[in-house]
Amino acid sequence: MVCSSVKTTALREGLFTVNADKVFTPIDDQTDVSSPELAGRVVVAVQPFLVCTQTDFILLDTGLGYSRDGQLQILTALEREGVTPGQISKVILSHLHKDHTGGIGHWLSDDQFALNFPNATYYVQERELAFARQQTGNPSYHAPTLRVLENHPQVEWLHTDEGQLNDQIWYAVSGGHTPFHQTITIREGSETLFYGADEVPQFGYLRRNVAYKNDYDGKRARDSRKRWVEQGEAGNWTFLLYHNRQLPFATLPINAGIK
């Protein structure tokens, strides 16, 4: 038994501004994001999730791979939870943008790469990789990371639009943010965790019925969110919010004052 009941932790890498070239620049967590200096700039948190169940330590995405003072922040956050990289058994990637895959491993040299979670199975949608490999020059992707995933024996390829990894974990291709973006649902006992990744990255996405232009299929993502809100209200889901600047978790109905 790993945890007697499900436990979820946001492994926060920090706050970042993001420009049109998808450059993530760290800012202090105490920064006033409404200040004139940040006017017109997108500010997001980056926070992968650690989910501990009775059988697994699960990572939902792996962050930017951001280091501070030479320390990879996702590993520092794990250490604070008393979890070693070798204890992670499953890494589930929602999609392959670099702010979700940067922490999968590190370069030992120009041609030698080591995964950060040596005993984990990495679950990746194969069709998502095929799409990502076609995005030559797209700054949302890091091509060397994609090549590592393509050939690594620890990767288990997902080929279907939906399925189960075990009795507790379901995945489903949602296809809004990227063509084969997937959501993850984890159920244990009476608890349901829903990870919508970049289709539900912040509280505001659950409150507003909007098709966002930065999505591959904004209307599909909008319609999916409407359905998830209805299901979440009926089923008492906890939403895991990867880019939310304040609290990383939400249940419904959502307090309209939360940002």
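Please treat every number below as a calculation from the coordinates, not as lab data. Just so it is clear, the structure is predicted and the values come from calculations on it, not from any experiment. Reconstructed Cβ throughout: ideal geometry from the backbone, glycine too, with neighbour counts over all protein chains shown.
Overview of results
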item: Candidate set from the range 202-244 (those that are in contact with a helix residue (DSSP H, G or I) (Cβ under 7 Å, 6 or more places away or on another chain) and polar (S, T, N, Q)); member that is surrounded by the fewest Cβ atoms within 10 Å (Cβ to Cβ); result: Asn209
item: Filter result (in a helix (DSSP H, G or I), in contact with a Lys or Arg (Cβ under 8 Å, 6 or more places away or on another chain) and not hydrophobic (A, V, I, L, M, F, W, C)) within the range 194-208; result: Glu199, Gly204, Tyr205
item: Residue under evaluation Thr31, criteria (1) closer than 23 Å to Ala250 by Cβ; (2) of a type in the set (Ser, Thr, Tyr); (3) not in a loop (DSSP other than H, G, I, E, B), criterion not met; result: (3)
item: Among residues of the range 70-85, those that are of a type outside the set (A, V, I, L, M, F, W, C) and closer than 13 Å to Ala120 by Cβ, counted; result: 2
item: Qualifying positions in the range 216-254 - in contact with a His (Cβ under 7 Å, 6 or more places away or on another chain) and under 15 Å from Tyr195 (Cα atoms); result: Ala221
item: Search result, residues across the range 1-48 that are surrounded by 15 or more Cβ atoms within 10 Å (Cβ to Cβ), under 30 Å from Ile186 (Cα atoms) and polar (S, T, N, Q); result: Thr8, Thr9, Gln47
item: Of the criteria (1) surrounded by fewer than 16 Cβ atoms within 10 Å (Cβ to Cβ); (2) farther than 18 Å from Ala10 by Cα; (3) among the charged types (D, E, K, R), which one Glu128 fails; result: (1)
item: Contacts under 9 angstrom Cβ, first residue in the range 109-134 being without any contact (Cβ under 8 Å) to a residue 24 or more places away in the chain, partner part of a helix (DSSP H, G or I) and not basic (Lys, Arg), 6 or more apart; result: Arg133/Ala143; Arg133/Leu146; Arg133/Glu150
item: Any hit, the range 194-201, residues being surrounded by fewer than 20 Cβ atoms within 10 Å (Cβ to Cβ) and among the charged types (D, E, K, R); result: no
item: In the range 161-193, residue surrounded by the most Cβ atoms within 10 Å (Cβ to Cβ) [restricted to those that are in contact (Cβ under 8 Å) with a residue 60 or more places away in the chain, assigned to a loop (DSSP other than H, G, I, E, B) and not polar (S, T, N, Q)]; result: His181
item: Number of the condition not met by Tyr141 [criteria: (1) closer than 19 Å to Gly65 by Cβ; (2) free of Cβ contacts under 8 Å to residues at least 60 places away in the same chain; (3) in a helix (DSSP H, G or I)]; result: (3)
item: Answer residue from the range 150-160, given it is of a type outside the set (A, V, I, L, M) and outside any loop (DSSP other than H, G, I, E, B) and is farthest from Glu128 (Cα to Cα) among those; result: Asn151
item: From the options Ala221, Ala234, Ala211, residue that is under 21 Å from Val44 (Cβ atoms), free of Cβ contacts under 8 Å to residues at least 24 places away in the same chain and not in a strand (DSSP E or B); result: Ala211
